[in-house]
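Participant: Below is one structure. I have some questions about it.
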Amino acid sequence: MVRFLPPVAAIFLAFTLAGCATITRGTTNDVEFVSEPPGAVATTSLGSSCTTPCSLRFSRKEEFSVVFRLAGHADETVEVKSRLGGAGAAGLAGNVILGGVVGIVADAASGATLEHAPNPVKVILRKLERERAAPRPSAPRRPARPPAPQAELSGPTAKQG
């Protein structure tokens, strides 16, 4: 009976790890960034950035904000949160069935049961109206010259000679 114990333990351990979200999902998640129009720079509060459309990898536990910037458009900011995901919940359920407390604690500590929301992060950037240039001040106008006085002619003009 003692000979069978190590193989049975190995099989039990394999089933335990198979249900563990840390093993099946990992501790990082790719988040996609999309803007309309494309070509905006997406900068996260964690310091990473990319030009849309793009994706960046984050720890599943990290929450952050992202600012989208594109010349001629208003900036847009989106908060990205971590939440229990569908596949993460399935991994957690696998731990309840097979992994027990150790698997649950491992997944909770690593954040493997979490996913980022929203993902993909999509924004529609509003085009800024061009500010109308203020009318250019014209050069000061010179006062109009009064008409030149005209010589009055009275009577016939005589030639002097």
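Participant: Of all residues in segment 1-25, count the ones that are at pLDDT 55 or above, of a type outside the set (A, V, I, L, M) and surrounded by 12 or more Cβ atoms within 10 Å (Cβ to Cβ).
Facilitator: Qualifying residue count for the region: 3.
Participant: Oh, and also: Answer yes or no as to whether residue 45 is touching an Asp or Glu at 6+ places or on another chain (Cβ under 6 Å), among the polar types (S, T, N, Q) and surrounded by fewer than 16 Cβ atoms within 10 Å (Cβ to Cβ).
Facilitator: Values: touching an Asp or Glu at 6+ places or on another chain (Cβ under 6 Å): no; among the polar types (S, T, N, Q): yes; surrounded by fewer than 16 Cβ atoms within 10 Å (Cβ to Cβ): yes.
When the stated conditions are applied, residue 45 does not pass them.
Participant: Follow-up. Output the qualifying pairs, or none if there are none: Cβ atoms under 7 angstrom, residues six or more apart or on different chains, first residue in segment 121-148 and under 29 Å from residue 34 (Cβ atoms) and charged (D, E, K, R), second residue assigned to a loop (DSSP other than H, G, I, E, B) and at pLDDT 65 or above.
Facilitator: 126/74; 127/72
The values are calculated or read from the model by the stated rules, or taken from the named source; none is laboratory data. None of these values were measured; they are calculated from a predicted model. Ideal geometry is used to build each Cβ from the backbone, glycine not excepted, and the neighbour counts take in all protein chains shown.
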